[in-house]
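Worksheet: one structure, shown below.
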Amino acid sequence: MNILRIRHSWPEPKNFSLKRPSGASEYVLLHFHNAVKLTFLGECHETAPGAFIIFSPHEPHIIFSAEPLLHDWIHLTGDVAAEISAYGLFPDTLYQPACNSKITDIIAHLEAEFFAKRAFSKNLSDALFIQLWVLLARELSGDVSDPVPRQMADQLRALRADMLLHPEAEWSNEQMARRLGVSVSRLYPLYRRLFSISPGKDLILMRVEKAKNMLLQGESVSRTAEAMGYANIYHFIRQFKQITGSSPGKIRG
C-alpha cells in the first residue's frame, strides 16, 4: 500500500462540492471534521462530524459541505481492500467513529513521513496504517482501549511520572484528586482505567522498587523504610515481602 497524496486538516470554503462521476483512479480515504453530505452507491448520506470512508477506485461519489469544510484525505494505491478487511473494515462503507482527534493525529504523522522521506519512512508508515486500522476496528466494535478523555489522561500521566520520581512523598488520595481537580471517588476509576491498577497499589509497587534499589546498594532496612515514607518498619517489611516474596534483609544480603 502506497500513499500518492495526503493532507490532514485540509480546509475548503463553505458550500464546497466535489463530484467524481467516475470516481478516482485510486483508493481515497476521507475523514471529515464537520458534517457533510456524501452520495455514493446511489444513496445520499447526511453525516455527523467525524465520518470516515475509503472509496474504491472508480467508485462514483459526491461530497458537499454547506459549512466551511475541514477534512483529512489520503490517495492510496495497492490492495487496500484486502489489508483493511483483516480488521473488519471495508471500502465504500461509511463509518462514524468517535476517536476523531486520534485519527487526525495518525494522518498528520503519516503526512510528515510522506514529505520528509526519512530513513525507514515506509516501514513507519505501514506501522501507522496498522495503528489506524486497529484504532478504527476497536472503536467500531466498542472495544475502546483508552476510555479516559485526553486532557485527563495527560494529567494522570504527569501525576504518575511525579509519583515515580518521588514515591516517598505523601501521595494521599485527597492530594492526588485535588491536583487533578476531581473527587476522590472519581480518582480511583480514572486511574484504574488508564493504568489497570489502583493508585494506592501502584504507589506501593513504586516504593518497593525504589527500596529494592536502595537495599542492593547497601542501605539499611530501617533507613530504607524511613526514606520511602514508612513510619512503621514492620509495615514496610510486610508490604515488601508481599510484593517481592523476600524480606528486605534477604534482598540486602
query: LEU128: net charge of surrounding residues, Cβ under 14 Å, Lys/Arg +1, Asp/Glu -1, itself excluded?
result: -3
The chain: equivalent-ellipsoid semi-axes (sqrt of 5 x gyration tensor eigenvalues, Cα, Å): 52, 20, 15
field: ³J(HN,Hα), Karplus 6.51/-1.76/1.60, whole Hz, each residue of segment 9-20, x for Gly, Pro
entry: 6, 7, x, 9, x, 5, 6, 5, 9, 10, 10, 10
- line: In units of 2.2 N^0.38 Å, the Cα radius of gyration of segment 177-230 is 1.45
13 Å beta-carbon shell around ALA35, net charge (K/R +1, D/E -1): 0
field: Dimensionless Rg ratio for segment 8-92, taking C-alpha atoms and the 2.2 N^0.38 Å reference
entry: 1.05
task: Pairs of Cα atoms under 8 Å, at least six residues apart: use those to get the relative contact order of segment 154-234, whole percent.
output: 28 percent
field: Surface accessible to a 1.4 Å probe, per residue, for the residues of segment 31-186, Å²
entry: 50 Å²
- request: Pull up the cross-link candidates among the lysines for LYS212, meaning alpha carbon to alpha carbon under 21 Å and not fewer than 8 places away within one chain.
  value: LYS201, LYS241, LYS250
- request: Mind giving me the nanometre distance, one decimal, between the label points for ASP79 and LEU194, set 7 Å out from Cα along Cα→Cβ?
  value: 4.2 nm
message: For GLY50, what residues show an amide H to amide H distance below 5 Å, using hydrogens built from the backbone and excluding near sequence neighbours?
response: PHE32, HIS33, ASN34
Protein accessible area in the chain, 1.4 Å probe - carbon and sulfur %: 54 percent
message: Filter LYS102/LYS122; LYS14/LYS102; LYS14/LYS117 down to the pairs with a C-alpha to C-alpha distance above 30 Å, please.
response: LYS14/LYS117
message: Could you compute the net charge surrounding PRO68? Neighbours are other residues with a C-beta less than 12 Å from the C-beta of PRO68; K and R count +1, D and E count -1.
response: -1
field: Coarse-grained scattering of segment 106-219 at q = 0.13, 0.21 Å⁻¹, given as base-10 log I(q)/I(0) from a Debye sum over alpha-carbon atoms
entry: -0.73, -1.04
statement: Taking a ≥ b ≥ c as the square roots of the eigenvalues of the Cα gyration tensor, with a/c under 1.5 meaning rounded and otherwise prolate when a/b exceeds b/c and oblate if not, segment 1-41 is oblate
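The values are calculated or read from the model by the stated rules, or taken from the named source; none is laboratory data. These numbers come from a predicted model, not from an experiment. Here the Cβ is made from the backbone with ideal geometry for all residues, glycine too, and neighbour counts use every protein chain on show. Accessible surface areas use protein heavy atoms only, side chains included; no ligands, DNA or RNA. Shrake-Rupley method; radii C 1.70, N 1.55, O 1.52, S 1.80 Å.
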